[in-house]
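Asks: Would you mind keeping the following structure in view while I ask a few things?
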Amino acid sequence: MTQPIYTEITASISELKKNPMAVVGAGEGFPIAVLNRNKPAFYCVPADVYEAMLECLEDQELARLVESRRSETGVPVNLDEL
């Protein structure tokens, strides 16, 4: 069964074992599909790309939270009483 590969650069598990930093460097900042028996086992991404992905996911979650609370009625608050 074929499986899509979501990047242009691939490396084998053997290549990754031999020299992990060379494999990451070959990606030039882009994700690399690591293949096991010609099927993607996982994707290797540089740290800054991973951090950006996490920030994006967090932003999406916050947007969903805001949208779900948009219809709630507000509660009046007097700062002097706090």
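Asks: Once you have the Kirkwood Rh of segment 37-76 from its Cα pairs, apply Stokes-Einstein at 20 °C and 1.002 mPa s and quote D in µm²/s.
Replies: In µm²/s, the coefficient rounds to 162.
Asks: Charges at C-beta only: +1 for Lys and Arg, -1 for Asp and Glu. How large is the resulting dipole of the chain about its Cα centre, in Debye rounded to 20?
Replies: In total the dipole reaches around 800 debye.
Asks: Let me ask something else. Looking at segment 11-42, which trypsin sites (Lys or Arg not before Pro) are DSSP coil and have at most 16 other C-beta atoms within 10 Å of their C-beta? List each step's numbers first, then the result.
Replies: On the way: sites: LYS17, LYS18, ARG37; in loops: ARG37.
Taking segment 11-42 and a limit of 16 other Cβ atoms within 10 Å, the loop trypsin sites (Lys or Arg not before Pro) found are ARG37.
Asks: Provide the percentage of antiparallel DSSP beta bridges, counting only those with both residues in segment 10-69; round to the nearest 5.
Replies: The antiparallel fraction comes to roughly 60 percent.
Asks: Further question: Please list 3-13, 62-72 highest first by mean number of surrounding beta-carbon atoms within 10 Å per residue.
Replies: Ranking, from highest mean packing down: 3-13, 62-72.
Asks: Sticking with this structure for a sec: So for segment 10-69, considering every pair of alpha-carbon atoms, how many percent are separated by more than 16 Å?
Replies: Tail of P(r) above 16 Å: 54 percent of Cα pairs.
Asks: Compare the peptides 52-59, 75-82 by average per-residue count of other Cβ atoms within 10 angstrom and give them in order, highest first.
Replies: With the highest mean Cβ count within 10 Å placed first, the list reads 52-59, 75-82.
Asks: If you line up the long axis of helix 47-69 against the longest principal axis of the chain, both from Cα atoms, how many degrees apart are they, to the nearest 10?
Replies: Its long axis makes an angle of about 30 degrees.
Each value in this text was obtained by applying a stated rule to the coordinates, not by laboratory testing. Note that the structure is predicted; figures quoted are calculated from it, not measured. Ideal geometry is used to build each Cβ from the backbone, glycine not excepted, and the neighbour counts take in all protein chains shown.
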